[in-house]
Amino acid sequence: MNNNSHIENDDIILFKDGWPQISDYIKTLINFIQNEEYKDTNIKKKNNNNNKKIFNNKEYMKIYTLIYNLSIQRDPWDYQEELYSKQKEITQQYFMNIVLEKLNNSNNLIKEMNKQWEFFKIYSKWMSLFFMYLDRFWVLSTNNDSINKCCNNIFEIEIYEKINEKLTNNLIDLIKKNNFQLEDNYILIKNIISIYEILSDDLNYYIYDFEKPFLEYQIENYKIINQKLILEISSINIIREINNIINREIEEKNKYINNITKKKLCDILINEFIISNINIILNNEHWGFNKLLNNNNFDDLSMMYLLLKKTVTDESSKSISGLIKMNNIFLKFINNNSKNIIDNYINDLKDLNIKKDISSNIFIKKIIKLYNHYNNITLLYFNKEPIFCKSILECIVYIVNKDEYNMALLLSKYCDKIFKKGGSKLIDESIEKEMDNLIILFNCLNNKDIFLESYRILLSKRILNNNLNSNDDEKKMISKLKLNCGNQNVSNLVGMLNDIEICKDLTITFEKKFKNEKILNNFKITVLTNGFWPTYSEIKMNIPIQLQGYKSIFENYYKNNTSSKKLSWIYNLGSCELIMKINNKKYTIMLSLLQTCVLMMFNNSINLSFNNIYNNLSMKVENIYGSNELVLKKILHSLIFGKYKILIKQTENKSIKNTDIFNINTKFKCKLNR
């Protein structure tokens, strides 16, 4: 040999001499896998040591070398094409004369096909090993199919296409028997199904020859099962049984079908057992959705939800899923409850015997209770299903934005009741939860600006009247409002609380500076930043000389410490503790500054006429309060006809006239000293 890749003329092997040897080896392979010596059709690795070896290394190298030598000879003795053709021919003869005959004569086509398929895989493997040189070079250079692909094609044409209809019928019959007590039955079916998948690159054999008839049978079978189910079970147990059937079928079929078919089978199960029964499940008068909600059967509701949740298989199915129908009933149920709450409240407003504030607070509590009740059901039993949560909020939005009442004002007053002294007595955990509930209602309001303005006015009253229950609670509530509507909308509320903190520091420094001035010990000033607080109309008037002294001292102090700010005094927001001595008994009375200015005039006079008081005060009020005289009459009226009658007038009628004369009520008595 003068070249490693070619054989010298003296060593030429003719095809007629070489092929019979190769043919004998292939026939030996066929005989081996078809005779009784080879019984382990699955070729399990764990039993490899017990199986008889087909060819030893020496025998294998002999046939491989022979094919190699026939392939590397120079023309005209290059027999690669002849070798390829002959291997196809002998494979075709083997499949037609042996495999097909055994399949046609078998009493159990499924088992025989399973066995022959395993034989085919062994045969194809060895043929690829024998003709490896052809695969590596000649097949690639000529764009022919590989030896393995060639075996597959021949099996497809000579075996599969001739028996596929019968094979499919037998396979479906085996599945119909549902005799899967042994794991081997699942393996047998799975192996046969794999033939459909392997023989077709585009899965056409699998889809049209197996999947289509398989799913058609399942639809027919499920319809029969479903009809029987409806006839036999007429209680909530039908949901359990449907769920069990679906889970059982998926678990069983999952052992041999692929994921594509599994998805289609799930859709069929959902359609046949859930969608077709949706009205029975949801609207049954004894155990339908409404009935379960009314009776608080939460476990059954959860079971119903989980079943209908299966109808949501992807994004496109959401709009037609069973959950949509369930949610529609849920929404209608909550709306009915909402309507009852609204109707009861409106009836209370018309009832003159019911206090409106009490009725409004009860109304808000009912709304909160309604939301929490159904929200908890959704969280605990409906897995926080978004469409259910949305329905609950839709109901709350509907309630809080009705035209028959102003919920923004009602809600702000309810907040005032909670946050002022003597209001609702709640522990820290409860008040935190109550804040969260109020924020939910706030977020549902359309007219949030009205709520915020009313809240600001009521907060100012709580602050100025020293009526804050907890400064920390106020800050928490404002922080929650800030998170939900932005800093810009609550900046004035924050500013009001900041003013109070600044005033505390201001008061401390003021008292330290004038600590020796005992007369100033009880003098407290609240400085309000214009813009944060509600707009207050000023009432200008002459104040008693004692108070004028306090005012001057503070004005000078404030001017020296904050030169850039100007003070405007709002007397109508002031309050005063006045010590009154009647019949040798002292009383400490809480009064507005306007009431105090009137009473202090009686220190120097036993009686005063309306005109005396009016001229001494020199009161000037803005139009919002009415005339100067009207404001003074209101002040006098509160002192004469209020709970504590400090003044009296000489005429008996309750109206106050410009000609009236007033005296201190010397008969004033009260069990309380303060």
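The values are calculated or read from the model by the stated rules, or taken from the named source; none is laboratory data. Just so it is clear, the model here is predicted, and its values are computed rather than measured. Note: ideal-geometry Cβ built from the backbone for every residue, glycine included; neighbour counts use all protein chains shown. When the accessible area is computed, the model is the full protein with side chains, heavy atoms only, and any ligands, DNA or RNA have been set aside. Shrake-Rupley method; radii C 1.70, N 1.55, O 1.52, S 1.80 Å.
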Selection count, region 285-313, where residues are of a type in the set (Asp, Glu), open to solvent by 80 Å² or more (accessible area, probe 1.4 Å) and under 23 Å from the mean Cα position of the chain (by Cα): 1
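Each row is one residue, and each column tells you yes or no for (1) touching a residue at least 60 places away in the same chain (Cβ under 8 Å); (2) open to solvent by less than 20 Å² (accessible area, probe 1.4 Å); (3) of a type outside the set (Gly, Ala, Ser); (4) closer than 21 Å to Phe363 by Cβ.
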position	(1), (2), (3), (4)
Glu432	no, no, yes, no
Cys444	no, yes, yes, yes
Phe451	no, yes, yes, yes
Tyr455	no, yes, yes, yes
Ser479	no, no, no, no
Val494	no, no, yes, no
Asn572 vs (1) without any contact (Cβ under 8 Å) to a residue 12 or more places away in the chain; (2) part of a helix (DSSP H, G or I); (3) under 28 Å from Arg462 (Cβ atoms): all pass except (1)
Considering each of Tyr405, Tyr345, Tyr374, Tyr414 in turn, give the residue that is modelled with pLDDT of 95 or more and either over 30 Å from the mean Cα position of the chain (by Cα) or open to solvent by less than 80 Å² (accessible area, probe 1.4 Å) (or both). Tyr374
For region 78-125, which positions are touching a Phe, Trp or Tyr at 6+ places or on another chain (Cβ under 8 Å) and open to solvent by 20 Å² or more (accessible area, probe 1.4 Å)? Tyr79, Gln80, Glu81, Glu82, Lys86
Taking region 592-630 and keeping only residues that are more than 22 Å from Lys667 (Cα to Cα), touching a residue at least 60 places away in the same chain (Cβ under 8 Å) and hydrophobic (A, V, I, L, M, F, W, C), one is left with Leu617, Met619, Val621, Ile624
Conditions first: (1) open to solvent by 90 Å² or more (accessible area, probe 1.4 Å); (2) over 26 Å from Ile439 (Cβ atoms). Ser321 passes all but one, so which condition is the exception? (1)
Taking the criterion of being touching a residue at least 40 places away in the same chain (Cβ under 8 Å) and either touching a Cys at 6+ places or on another chain (Cβ under 9 Å) or of a type in the set (Lys, Arg) (or both), would at least one residue in region 203-220 satisfy it? no
For Phe523: the one exception among (1) modelled with pLDDT of 80 or more; (2) over 21 Å from Leu632 (Cβ atoms); (3) open to solvent by less than 40 Å² (accessible area, probe 1.4 Å): (1)
Of the numbered conditions (1) closer than 30 Å to Asp300 by Cα; (2) not in a helix (DSSP H, G or I), Val397 fails exactly one; give the number of that condition. (2)
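Taking the options Ile236, Ile246, name whichever one is surrounded by 13 or more Cβ atoms within 10 Å (Cβ to Cβ) and over 21 Å from Phe214 (Cα atoms). Show your work before the answer.
Working: Ile246 fails: over 21 Å from Phe214 (Cα atoms).
Criteria check complete, one pass: Ile236.
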Here is a list of conditions, (1) in contact (Cβ under 8 Å) with a residue 40 or more places away in the chain; (2) open to solvent by 50 Å² or more (accessible area, probe 1.4 Å); (3) over 20 Å from Asn466 (Cβ atoms); (4) under 55 Å from the mean Cα position of the chain (by Cα), and Asn530 meets all of them except one; can you say which number that is? (1)
Enumeration of residues in region 145-203 that are of a type in the set (Val, Ile, Thr), modelled with pLDDT under 90 and open to solvent by 20 Å² or more (accessible area, probe 1.4 Å): Ile187
Those residues that are at pLDDT 80 or above, within 23 Å of Met590 (Cβ to Cβ) and in a loop (DSSP other than H, G, I, E, B), I need them from region 643-674; list them, please. Lys643, Tyr644, Lys645, Ile646, Ile656, Asn665, Thr666, Lys667, Phe668, Lys669, Cys670
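Give the residue that is modelled with the lowest pLDDT, with candidates limited to residues of region 348-360 that are of a type in the set (Asp, Glu) and open to solvent by less than 100 Å² (accessible area, probe 1.4 Å). Give the derivation first.
Step one: list which residues in region 348-360 are of a type in the set (Asp, Glu), which gives 348, 351, 357.
Filter once more, keeping what is open to solvent by less than 100 Å² (accessible area, probe 1.4 Å): 348, 351.
Numbers: Asp348: 87, Asp351: 82.
Per the criteria, the residue is Asp351.
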Going by what's in this entry, would Ser605 be described as open to solvent by less than 60 Å² (accessible area, probe 1.4 Å) and in contact with a helix residue (DSSP H, G or I) (Cβ under 8 Å, 6 or more places away or on another chain)? yes
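Condition test on Glu538, is it in contact with a helix residue (DSSP H, G or I) (Cβ under 8 Å, 6 or more places away or on another chain), among the acidic types (Asp, Glu), open to solvent by 50 Å² or more (accessible area, probe 1.4 Å) and closer than 25 Å to Lys634 by Cβ?
On the way: in contact with a helix residue (DSSP H, G or I) (Cβ under 8 Å, 6 or more places away or on another chain): yes; among the acidic types (Asp, Glu): yes; open to solvent by 50 Å² or more (accessible area, probe 1.4 Å): yes; closer than 25 Å to Lys634 by Cβ: yes.
Criteria met by Glu538.
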Can you confirm whether region 556-569 contains a residue that is closer than 28 Å to Gln595 by Cβ, more than 58 Å from the chain's Cα centre (by Cα) and open to solvent by 50 Å² or more (accessible area, probe 1.4 Å)? yes
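Can you name the residue in region 51-67 that is assigned to a loop (DSSP other than H, G, I, E, B) and basic (Lys, Arg) and is also surrounded by the fewest Cβ atoms within 10 Å (Cβ to Cβ) among such residues? Show your work before the answer.
We begin by selecting, within region 51-67, every residue assigned to a loop (DSSP other than H, G, I, E, B); these are 51-56.
The next check asks that each one be basic (Lys, Arg); those that pass are 52-53.
Working: Lys52: 7, Lys53: 10.
It comes out as Lys52.
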Residue under evaluation Lys504, criteria (1) buried (at least 16 other Cβ atoms within 10 Å of the Cβ); (2) modelled with pLDDT of 80 or more, criterion not met: (1)
If you go through region 631-674 one residue at a time, how many are closer than 19 Å to Met601 by Cβ, open to solvent by less than 80 Å² (accessible area, probe 1.4 Å) and either without any contact (Cβ under 8 Å) to a residue 12 or more places away in the chain or among the acidic types (Asp, Glu) (or both)? 2
Being open to solvent by 80 Å² or more (accessible area, probe 1.4 Å), hydroxyl-bearing (Ser, Thr, Tyr) and not in a helix (DSSP H, G or I), is that true of even one residue in region 577-596? no
Looking only at residues in region 249-281 that are surrounded by fewer than 18 Cβ atoms within 10 Å (Cβ to Cβ), of a type outside the set (Val, Ile, Thr) and over 19 Å from Pro213 (Cα atoms), which one is nearest to the chain's Cα centre (by Cα)? Asn279
Quickly run through region 597-620 and pick out the residues that are assigned to a strand (DSSP E or B) and either over 17 Å from Ile648 (Cβ atoms) or at pLDDT below 85 (or both). Lys620
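Looking at Leu70, Leu103, which is the one that is part of a helix (DSSP H, G or I) and over 60 Å from the mean Cα position of the chain (by Cα)?
Testing whether each residue is part of a helix (DSSP H, G or I) and over 60 Å from the mean Cα position of the chain (by Cα) leaves just Leu70.
For region 339-360, how many residues meet the condition of being assigned to a helix (DSSP H, G or I) and without any contact (Cβ under 8 Å) to a residue 24 or more places away in the chain?
Keep residues of region 339-360 that are assigned to a helix (DSSP H, G or I), which gives 339-350, 356-360.
This time we only want the ones that are without any contact (Cβ under 8 Å) to a residue 24 or more places away in the chain, so: 339-340, 343-344, 347-348, 350, 356, 358-359.
Of the residues in region 339-360, 10 are assigned to a helix (DSSP H, G or I) and without any contact (Cβ under 8 Å) to a residue 24 or more places away in the chain.
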